[in-house]
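Below is one structure; the comments refer to it alone.
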């Protein structure tokens, strides 16, 4: 059991994500449950993983990521205009509300209501943090060099 993060390590860590204005977008510490990550599994960008490589158990680090290294740029193809009739009549559609949509394969995907104009509802299926520079604060709790 090594305590240094390598290319295939399994990592248990706390993180806080902050936006450009310093506001907290997400934090495992607020939820009281650390995150687990398998390095090299493709769930993170290469640059994000590079920021973690070499950190040891107990280490704390702050790093900034551009949209391409974090949650991606806003993709206009992920913004859809839907008829109001596709939503339940008693559902109050407010700008900023996040709703769950069922894809044809049965998987659920979140969509953010960006606007309601008459019978047209604008739904954004981009990640809520897409297009943002973000600051990650991480605290490494445990490292398994051999992975899962």
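Since residue 69 meets every condition but one in (1) crowded, with 16+ Cβ neighbours inside 10 Å; (2) touching a residue at least 24 places away in the same chain (Cβ under 8 Å); (3) in contact with a strand residue (DSSP E or B) (Cβ under 7 Å, 6 or more places away or on another chain), which condition does it not meet?
Of everything listed in (1) crowded, with 16+ Cβ neighbours inside 10 Å; (2) touching a residue at least 24 places away in the same chain (Cβ under 8 Å); (3) in contact with a strand residue (DSSP E or B) (Cβ under 7 Å, 6 or more places away or on another chain), residue 69 misses just condition (3).
Please give the number of the condition residue 40 fails out of (1) out of contact with any strand residue (DSSP E or B) (no Cβ under 9 Å at 6 or more places or on another chain); (2) more than 20 Å from residue 67 (Cα to Cα); (3) in contact (Cβ under 8 Å) with a residue 24 or more places away in the chain.
(2)
Look through 50, 35 and report the one residue that is on the phi < 0 side of the Ramachandran plot, modelled with pLDDT under 95 and out of contact with any strand residue (DSSP E or B) (no Cβ under 8 Å at 6 or more places or on another chain).
Answer to the selection: 50.
Answer yes or no as to whether residue 143 is in contact (Cβ under 8 Å) with a residue 12 or more places away in the chain, over 15 Å from the mean Cα position of the chain (by Cα), buried (at least 17 other Cβ atoms within 10 Å of the Cβ) and within 30 Å of residue 47 (Cα to Cα).
yes
Residue 96 - would you say it is on the phi > 0 side of the Ramachandran plot, out of contact with any helix residue (DSSP H, G or I) (no Cβ under 8 Å at 6 or more places or on another chain) and at pLDDT below 95?
yes
Could you say whether any residue in segment 78-95 is farther than 24 Å from residue 118 by Cα, touching a strand residue (DSSP E or B) at 6+ places or on another chain (Cβ under 8 Å) and either assigned by TED's automatic domain parsing to the domain that holds residue 115 or in a strand (DSSP E or B) (or both)?
no
The values are calculated or read from the model by the stated rules, or taken from the named source; none is laboratory data. Note that the structure is predicted; figures quoted are calculated from it, not measured. No Cβ is skipped: glycine too gets one built from the backbone with ideal geometry, and neighbour counts run over all protein chains shown.
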